[in-house]
Amino acid sequence: MPQAKKLSSKPATAPSKKGGDVDEFLHLIAARNPSEPEFLQAVHEVAQDVLPFIADKPEYRELKVLERMTEPDRILSFRVAWQDDDGHVHINRGYRVQGNNAIGPYKGGLRFHPSVNQSILKFLAFEQTFKNSLTSLPMGGGKGGSDFDPKGRSDSEVMRFCQAFMTELVNHIGPDCDVPAGDIGVGAREIGYLFGQHKRLTRQFQGILTGKGPSFGGSLMRPEATGFGVVYMMDNMLRHAGDSLDGKTCVVSGSGNVATFCVAKLNEFGAKVVTLSDSSGFIHDPEGIDAEKLAWVMDLKNNRRGRIDAYAKEFKCDFQADAKPWTVPCDLAFPCATQNELNEIDAAALVKNGCHAISEGANMPTTPGAVQVLQEGGISLAPAKAANAGGVAVSGLEMSQNSQRYAWTSEEVDTKLKSIMAGIHEQCVTYGEPDQSNVNYLKGANIAGFVKVAEAMIAQGVH
Ligand code: NDP
Ligand code: 2IT
């Protein structure tokens with residue numbers, strides 16, 4: 001194991017040139033975090049905007065605010081042992097990365113997927129800190145999960161896994177300390193089992209998770225919030241540029257929580273969605289995935305737990321195995337599956353086919369090479385930390401309702417969600433060098449997200 005380097009204790013000096021400063025910073029981070037490519041990618045994306053912004057702000061530089069943000073407060077890792085329906089014992093690894101609690105309790109989802117490792121959870125916790133800051137609600141950043149694969153597991157196996165996972169996690173969370181939620185592989189079923197085990201272990205009915213069922217403290221609109229927010233972000237972007245969603249052809253990837261509610265809201269806005277995908281391939285339905293077909297997909301994914309090719313058989317359209325939807329001509333694209341699902345070849349296809357804006361539902365779905373191709377191609381890109389913040393925003397509203405022992409109506413929550421997404425758009429415009437219709441949303445989101453957390457860290461002293 002290579003020795004981690006200490007961050008220098010010398011006061012930082014102003015950079016001689018922008019590129020050199022970013023390279024030097026990233027070199028240090030890379031040396032301290034070997035074998036963590038996703039984490040380094042997320043830090044790189046932020047550093048290239050934040051370092052030039054703080055170049056003439058010695059208070060941020062001397063107090064090493066960005067350097068401190070790149071080191072999570074703590075990383076918890078634990079064994080999760082459980083028995084399958086045949087009595088066989090399985091061992092998974094559980095994690096919680098508590099990233100930064102400068103502006104509120106750690107807040108962020110749990111991911112159950114075989115690909116989960118420390119690099120992925122550190123990137124997600126890092127992103128979450130900036131995203132949560134953008135929502136304007138008092139939430140710090142965290143992320144957790146396990147390499148457990150719920151696919152093909154019975155409900156009782158998933159329940160036993162969740163109970164084993166919570167038996168350790170219970171020691172590290174609390175309504176004013178750390179409040180997890182769902183992410184890939186963690187939906188209403190898993191949150192219910194996790195909540196039940198926490199209640200049994202502590203004998204307390206507390207708001208320690210969000211995304212709960214509405215009968216036990218879950219906010220109305222939390223299931224819809226991420227996908228709806230992704231579309232509200234796009235609506236704000238288009239209106240800012242004097243355009244609208246009406247009549248637009250859209251490609252969406254994924255077919256889980258974020259993707260399906262993204263499609264639902266696009267339909268309401270009068271757009272036409274022609275693709276969905278999962279890890280086996282994508283379907284292309286040129287007629288559009290209307291409300292009825294979407295309800296069928298939701299039942300397929302949430303209840304029957306089937307694969308997306310079943311859609312092609314049911315509705316007689318094309319299915320392409322082991323492929324992604326980015327070659328399908330569209331006006332707008334919504335990557336809603338997973339990180340790095342859109343590479344530079346995909347980006348070139350989108351540019352060539354006339355796509356003009358992207359709103360990211362998944363976290364960090366676009367590779368750095370793809371970002372460059374999209375920017376050179378003139379495509380507006382709303383990054384995940386801004387575009388998918390609606391989910392955690394409504395989680396924040398769920399926390400507020402739990403604290404008040406009260407529940408708002410769907411309309412009340414949706415109104416607040418719309419206003420939060422409009423506020424995020426506004427912050428991106430403020431910091432994203434507005435040139436009328438040409439806003440750099442990546443830069444805007446990175447800097448706006450950074451400033452609030454940085455101010456709080458400075459006020460709270462060095463630790
Ligand atoms: P779900 O588990 O509900 O759905 C995930 C979807 O993405 C499935 O269609 C899944 O296909 C596909 N997918 C997952 N991993 C891969 C992979 N490695 N390759 C190809 N396809 C893959 O998760 P969510 O909809 O909740 O999450 C989707 C994205 O949105 C994630 O990046 C998540 O971090 C992000 N997000 C989620 C929020 C939420 O509130 N749920 C909030 C903000 C962001 P398959 O079933 O075949 O694996
Ligand atoms: O990536 C995300 O923002 C989430 N998975 C939602 C986190 C939350 O706490 O609702």
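The values are calculated or read from the model by the stated rules, or taken from the named source; none is laboratory data. Predicted model only: the values in this text are computed from it and were never measured. Every residue, glycine as well, gets a Cβ built from its backbone with ideal geometry; the counts of neighbours run over all protein chains shown.
Modelled with pLDDT of 95 or more and within 13 Å of ligand 1 (Cβ to nearest atom), is that true of Val273? Judged against the criteria, Val273 is not a match. Look through region 375-401, keep the residues that are away from ligand 1 (no atom under 12 Å from the Cβ) and among the aliphatic types (A, V, I, L, M), and return whichever of them is farthest from Cys428 (Cα to Cα). Among them, the one singled out is Met399. The residues in region 265-286 that are farther than 17 Å from Ile358 by Cα and among the hydrophobic types (A, V, I, L, M, F, W, C) can be counted, and the count is 2.
Within the set Lys131, Lys143, the sole residue that is without any contact (Cβ under 8 Å) to a residue 60 or more places away in the chain, under 30 Å from Val429 (Cβ atoms) and not polar (S, T, N, Q) turns out to be Lys143.
If the condition is being more than 16 Å from ligand 1 (Cβ to nearest atom), outside any loop (DSSP other than H, G, I, E, B) and touching a residue at least 24 places away in the same chain (Cβ under 8 Å), then region 279-297 contributes only Ala291. Candidates are the residues of region 143-192 that are within 11 Å of ligand 2 (Cβ to nearest atom) and charged (D, E, K, R); the one that is surrounded by the fewest Cβ atoms within 10 Å (Cβ to Cβ) is Asp178.
When each of Phe123, Phe112 is tested for being under 18 Å from the mean Cα position of the chain (by Cα), among the hydrophobic types (A, V, I, L, M, F, W, C) and closer than 25 Å to Ala382 by Cβ, the lone residue that passes is Phe123.
Taken as a whole, the structure places Asp285 among residues that are at pLDDT 95 or above, more than 24 Å from the chain's Cα centre (by Cα) and acidic (Asp, Glu). Taking Arg111 as the residue in question, decide whether it is charged (D, E, K, R), touching a Leu at 6+ places or on another chain (Cβ under 9 Å) and touching a residue at least 12 places away in the same chain (Cβ under 8 Å). In short, yes.
Here region 94-121 is the region considered, the condition is being in a loop (DSSP other than H, G, I, E, B) and among the small types (Gly, Ala, Ser), and the residue that is nearest to ligand 2 (Cβ to nearest atom) is Gly104.
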